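To keep things clear, I will list the structure first and then write my remarks on it.
What follows draws every value from the coordinates through simple rules; no lab data is involved. It should be emphasised that the depicted structure is a prediction, and the values quoted were computed from it without experimental measurement. Here the Cβ positions follow ideal geometry from the backbone for every residue, glycine too, while neighbour counts run over all protein chains shown.
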Amino acid sequence: MPKIAITGKGGVGKTTLTALLSYIYTQRGQDVIAIDADPAGNLGLAFGLPANLDARLQPIAEMEDLIYERTGAQKGTIGGVFRLNPKVDDIPESFSVRHRGVRLLRLGTVRGGGAGCICPESALLKALVTHMLLRRNQTLILDMEAGVEHLGRGTAGAVDAFIIVVEPGLRSLGTAEQIHALAAEIGIKQFYLVANKSRGPQDDEFVRQHAAGLPFLGSLPFSSAAVTADQAGVAVFDEASELVAAAARIADHLAA
Ligand SMILES: Nc1ncnc2c1ncn2[C@@H]1O[C@H](COP(=O)(O)OP(=O)(O)OP(=O)(O)O)[C@@H](O)[C@H]1O
Ligand SMILES: [Mg+2]
């Protein structure tokens, strides 16, 4: 089952693509977990998650009791002694919310984080992501910010597709190159570029021309239905059928 990480500059459509692919893989009979790994994440909204369920989706990084119980140290302590291999295998089931057949899990953010941070909550998140990346019979889609947080050298090989989303413009393509360099450094190999908000073949071609060696996986058209869905707080896959069709083609290309 595919393990997919989705990154890109702010606002390019990472969360939208995460929701679309989660929907498609679920329709295809796969057991999907979608992980909100963006500190400012709002993955639930893209799934039309009702407010009462969204409120239950607390970020793991903020669960002080859980962090203490699993690592033996208080959240926020730096440089102390704590378990680097905490028990995490029950966390995806216990702390996720199921909606429309997809499990949603929110990681939250590690303050002062980044690759260099050595603190209990980052150890817990890293162990959790590693565990989920290695789980064979579950499809995992990681909605990340523009970087490689929560991924490391040890698990880079488990990522089947590292998708960088861009808009057809130089700014997000520039960010894509930076993300590519960061991810290549930790050993990620399977890179793909997806163009979002494409106005047609000329925009796809623009992205191809500026792809800087990244394989072009496909594009999602600009969709006013996506905007409407975001305004109405309903799932993007219920509102924007043209995006569902385009994301299905992307999933087909990934499998090919
Ligand atoms: N194909 C599209 N056509 C039109 N609007 C879109 C499309 N894809 C995404 N959007 C809109 O663009 C905005 C940003 O999308 P989204 O939240 O998916 O991006 P993101 O990369 O996850 O952003 P962030 O960096 O803030 O997490 C949303 O309002 C969304 O509805
Ligand atoms: Mg997002």
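Tell me the angle of helix 241-255 to the major Cα principal axis of the chain, expressed in degrees between 0 and 90 and rounded to the nearest ten. With both axes taken from Cα atoms, the answer is about 70 degrees.
Of Val88, Val236, the sequence from fewest to most neighbouring Cβ atoms within 10 angstrom is Val88, Val236. Please find, in a Gaussian network model of the chain (springs between Cα atoms separated by less than 10 Å), the residue of Ala181, Ala61, Ala156 whose mean-square fluctuation is greatest. Of the options given, Ala181 has the highest mean-square fluctuation.
Got the relative contact order for the range 3-255 handy, in percent, Cα pairs under 8 Å and 6 or more residues apart?
On the way: 485 pairs, mean separation 68.9, N = 253.
Dividing the mean separation by the residue count of the range 3-255 yields 27 percent.
Largest mean-square fluctuation among Thr15, Thr228, Thr155, in a Gaussian network model of the chain whose springs join Cα atoms under 10 Å apart, belongs to Thr228.
What is the gain in length, in nm to one decimal, between Gln202 and Asp31 on full extension, counting 0.36 nm per residue of separation less the C-alpha to C-alpha distance?
Working: separation 171, 0.36 × 171 = 61.56 nm, distance 3.63 nm.
Extra length available between Gln202 and Asp31 comes to 57.9 nm.
Take the Cα of Thr77, step 7 Å along the line toward its Cβ, and report every residue of the range 116-141 whose backbone nitrogen sits under 17 Å from that point. Within reach of a label on Thr77, which here means backbone N under 17 Å from a point 7 Å along Cα→Cβ, the range 116-141 contributes 118-125.
Of the trypsin sites (Lys or Arg not before Pro) in the range 87-181, which ones lie in a loop per DSSP and count no more than 14 other C-beta atoms within 10 Å? Mind dumping the intermediate values first?
Values: sites: Lys87, Arg98, Arg100, Arg103, Arg106, Arg111, Lys126, Arg135, Arg136, Arg153, Arg171; in loops: Lys87, Arg100, Arg111, Arg135, Arg136, Arg153.
Passing both the DSSP loop test and the Cβ count: Lys87, Arg111, Arg136, Arg153.
What percent does the relative contact order of the range 40-177 come to when contacts are Cα pairs within less than 8 Å and at least six residues apart? It comes to 23 percent, rounded to a whole number.
If you wrap the Cα atoms of the chain in a convex hull and average its projected area over all directions, you get 12.7 nm². The order of Leu49, Leu107, going from fewest to most other C-beta atoms within 10 Å of their C-beta, is Leu49, Leu107.
Listed from fewest to most Cβ neighbours within 10 Å, the set Met1, Met132, Met144 follows the order Met1, Met132, Met144. Here each label is just a point 7 Å from Cα along the line to Cβ, and for Gln178 and Ile118 those points are 2.8 nm apart. The alpha carbons of the range 146-233 stretch over 41, 33, 20 Å along the principal axes, in descending order.
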